[in-house]
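The values are calculated or read from the model by the stated rules, or taken from the named source; none is laboratory data. In this text the structure is predicted, and so the values were computed from the model without any measurement. A quick note on method: Cβ atoms are made from the backbone with ideal geometry, for glycine too, and the neighbour counts reach across all protein chains shown. To get the accessible areas, we keep the full protein, side chains included, count just its heavy atoms, and leave off ligands, DNA and RNA. Shrake-Rupley method; radii C 1.70, N 1.55, O 1.52, S 1.80 Å.
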Amino acid sequence: VIAAGGAPIHAALVEHDGAGMLLAGVGGSGKTTCCERLPSGWTCLGDDEALVVRTTDGGLVAHPIPTWNSDKLKNGGGSWDISVGVPLGGIFFLKKSSRDEAVLLGGGEAAVRINGSVNQACHGRFHSLDASGQREWRQRLFENACGISRDVPAYQLHVTRTGQFWTVIEEAMLRPLV
């Protein structure tokens, strides 16, 4: 997947109207809480990590990755269906706030944030490689993060504890990219 331009990302994967959205953030940023608050018509496909896969036509599809951090798995609530893949429509970096708002990120900032989420998902996975091998994989992952940032809009998503952040996502996905 990585060799083909994809990457694992530390993010919840949600779906609405056939499009996948990643809710990205470090542990404790609200990924699982946001997933639990989604209304009817929205589906949480995974609450902690996702695998972004580049398709043969150059598109991006996201799949959930089950992790031991997933509340659904820890609490005996079932499992994530990793065979489910949805076209990736946007990436939303969570920030707790006093208002619900989505702010489009510039390409450079989006690439850096995506790379950060990729590194969180890959933490400790390359420890068996020598320094040269680790450097090669990290470079490849950075290039993939840059490619993802060019192909999918990324936003800073300001989220309140009680607001309807999903309506902000819906509005952002309808806005023309500037």
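Observations on the structure shown:
- Search result, residues across the stretch 37-64 that are more than 21 Å from residue 174 (Cβ to Cβ), in contact with a strand residue (DSSP E or B) (Cβ under 8 Å, 6 or more places away or on another chain) and either without any contact (Cβ under 8 Å) to a residue 24 or more places away in the chain or of a type outside the set (A, V, I, L, M) (or both): 44, 46, 47, 48, 49, 54, 55, 63, 64
- Screening the candidates 161, 125 for the property of being at negative phi, part of a loop (DSSP other than H, G, I, E, B), touching a Ser or Thr at 6+ places or on another chain (Cβ under 9 Å) and not hydrophobic (A, V, I, L, M, F, W, C) yields one hit, 161.
- Qualifying residue in the stretch 139-157 (condition: within 25 Å of residue 40 (Cα to Cα) and open to solvent by 100 Å² or more (accessible area, probe 1.4 Å)): no
- Residue check, residue 118 more than 13 Å from residue 165 (Cβ to Cβ) and modelled with pLDDT of 95 or more: yes
Residue-wise test of (1) within 20 Å of the chain's Cα centre (by Cα); (2) of a type in the set (Val, Ile, Thr).
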position	(1), (2)
122	yes, no
126	no, no
129	no, no
132	no, no
151	yes, no
165	yes, no
168	yes, yes
173	yes, no
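- Looking only at the stretch 162-174, residues that are in contact (Cβ under 8 Å) with a residue 60 or more places away in the chain and open to solvent by 90 Å² or more (accessible area, probe 1.4 Å) come to 2 in all.
- Scanning the stretch 1-24 for residues that are under 8 Å from the mean Cα position of the chain (by Cα) and open to solvent by 10 Å² or more (accessible area, probe 1.4 Å) yields one hit, 10.
- Looking only at residues in the stretch 106-138 that are hydrophobic (A, V, I, L, M, F, W, C) and open to solvent by less than 50 Å² (accessible area, probe 1.4 Å), the one that is farthest from residue 8 (Cα to Cα) is 110.
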